[in-house]
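Taking it in order: structure first as structure tokens, then the write-up.
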Amino acid sequence: MTLTNGPALAGQAATEAQAARIARIISDYAGQGNHRTGTAVDELSAVWLEQQISAHGVTPLRDSFPFQRLEVHRAQLLAGDLQLPGVPLYDCHYTDAAGISGHLGELGSAAEIGVAMASPFGAGPGHEAIEVARRANRHKAIVLVTDQRLPAGGVATLNAEAFTEPYGPPVLQVAHDQWPALQLALQAGTTARLIAHCEYVAAETINVQAKIAGTDATLAPLVVMTPRSGWWQCASERGGGIAALLEIMAALQVHKPARDVLFTLNSGHELGHTGLDYFLDKQPELVRDAYLWLHLGANFAASQGAAVRLQYSDAALQSMFAGILGTLVAANETPIGTRPYGEARNIFDGGGRFVSILGGNQLFHHPADRWPEAVDLQSTQRWVAALVQLSLGVAGKSAG
């Protein structure tokens, strides 16, 4: 008679069930459409998240706040035979319906309309040159062409870090599909017309929150946070964090925590973290009072990206998590003391303790970040399992 390994089979079944749940969450989220803050999709996504939270037996809390949404009437570059649709930056100034006319030239030249290729992959010399040109109002308008390392047929949009304090000339972001033709126009100093006709309209957006009460009210809380908004469908950029938060919530509902655990899924990520700012402005003491902020950041679900990166506020947390992470996953680490990427920077700036996970993504901020092609489900499941274990340990209970 052949004996089967019951615990191993049970563990495999649990892993497969978790992977199926993660796949469903990311698929549903990405299928909702463009997750830009303050839009109908943003509202739809909030309702959906409330339903997912309720399904775990936890009460969701909707925290709405007023918001000035940017309404784009027309965004286009016209240069000779070229007619390039685009996406304006969301933290610049804008044109009227007629637009701005002038000669095309390289960014930093004397041309009225400066042109540069731009990458969404973080900082670098190219980003610095763009920032200098914008701050100095060096051109009447600027065109940013999506980096050719990203797929054709879409704009990889830059985040609007200064959304509440826009500055500089109108900036239009365009796909790189016609980059060779645009280069010819640049060399010829062609006269072009850039239209970025936009206006702000009153709207609202939503942070979705929840709480699982601990058994010991004297313990400082654990806060688990992830952004829920972004450019386009952002399946791998945002989907992994949302799936991980919901799995952590489900586990803590079963293994009741010793300390309170607060969950917040914030809108406004792509617009200077406006949702998290609102959340913190209402309770500024929480930054320092929380035992730990667990930031479920961007891209750790990506199938096309660099290694996952962990960011820690201090060596004690780094050491605490090394044991669990070492048995499940491997990651790069940002040097302690470095200002972190993503929403963890808000906690760093406020002097709080944090652990943050994020990764690289060759489809970052691009419309091609879709389910299922953009997601490495197997890797995502391993990371989610590790994050669940970390959360159970920090919250004062373990799954064992």
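The values are calculated or read from the model by the stated rules, or taken from the named source; none is laboratory data. Everything quoted here is computed from the prediction, not taken from an experiment. Heads up, the Cβs are rebuilt from the backbone with ideal geometry, glycines too, and the neighbour counts pull from every protein chain shown.
If you go through region 32-44 one residue at a time, do you hit one that is exposed (fewer than 15 other Cβ atoms within 10 Å of the Cβ) and assigned to a helix (DSSP H, G or I)? The answer is yes, given that some residue of region 32-44 is exposed (fewer than 15 other Cβ atoms within 10 Å of the Cβ) and assigned to a helix (DSSP H, G or I). Restricting attention to region 132-162, the residues being more than 20 Å from His176 (Cβ to Cβ) and either in the same structural domain as Gly272 (by TED's automatic domain parsing) or loosely packed, with under 13 Cβ neighbours inside 10 Å (or both) number 4. Candidates Tyr90, Tyr94: the one that is more than 23 Å from Asp177 (Cα to Cα), modelled with pLDDT of 95 or more and among the aromatic types (Phe, Trp, Tyr) is Tyr94. Of all residues in region 78-109, those satisfying the criterion of being more than 28 Å from the chain's Cα centre (by Cα), of a type in the set (A, V, I, L, M) and assigned to a strand (DSSP E or B) are Leu78, Ala79, Leu82, Ile100, Leu104.
Looking only at region 69-108, which residues are among the polar types (S, T, N, Q) and either closer than 24 Å to Ala156 by Cβ or buried (at least 17 other Cβ atoms within 10 Å of the Cβ) (or both)? Steps first, please.
Going through region 69-108, the residues among the polar types (S, T, N, Q) turn out to be 76, 83, 95, 101.
Gln76, Gln83, Thr95, listed by residue number.
With Ile242, Ile212, Ile206, Ile195 as the choices, which residue is touching a residue at least 12 places away in the same chain (Cβ under 8 Å), closer than 14 Å to Arg36 by Cα and buried (at least 20 other Cβ atoms within 10 Å of the Cβ)?
The conditions single out Ile206.
For Arg309, state whether it is modelled with pLDDT under 95 and of a type in the set (D, E, K, R). When the stated conditions are applied, Arg309 passes them. For region 49-71, indicate whether the set of residues that are in the same structural domain as Val254 (by TED's automatic domain parsing), under 18 Å from the mean Cα position of the chain (by Cα) and part of a helix (DSSP H, G or I) is non-empty. Yes, region 49-71 contains at least one residue that is in the same structural domain as Val254 (by TED's automatic domain parsing), under 18 Å from the mean Cα position of the chain (by Cα) and part of a helix (DSSP H, G or I). Residues considered: Val174, Val115, Val155. Of these, the only one that is β-branched (Val, Ile, Thr) and over 26 Å from Gln304 (Cβ atoms) is Val115. Return the residues of region 111-135 that are modelled with pLDDT under 95 and assigned to a loop (DSSP other than H, G, I, E, B); say none if nothing qualifies. If the condition is that a residue be modelled with pLDDT under 95 and assigned to a loop (DSSP other than H, G, I, E, B), then Ser119, Pro120, Phe121, Gly122, Ala123, Gly124 are the ones that fit.
Of the listed requirements (1) touching a Leu at 6+ places or on another chain (Cβ under 8 Å); (2) surrounded by fewer than 21 Cβ atoms within 10 Å (Cβ to Cβ); (3) small (Gly, Ala, Ser), Ala217 misses just one: (1).
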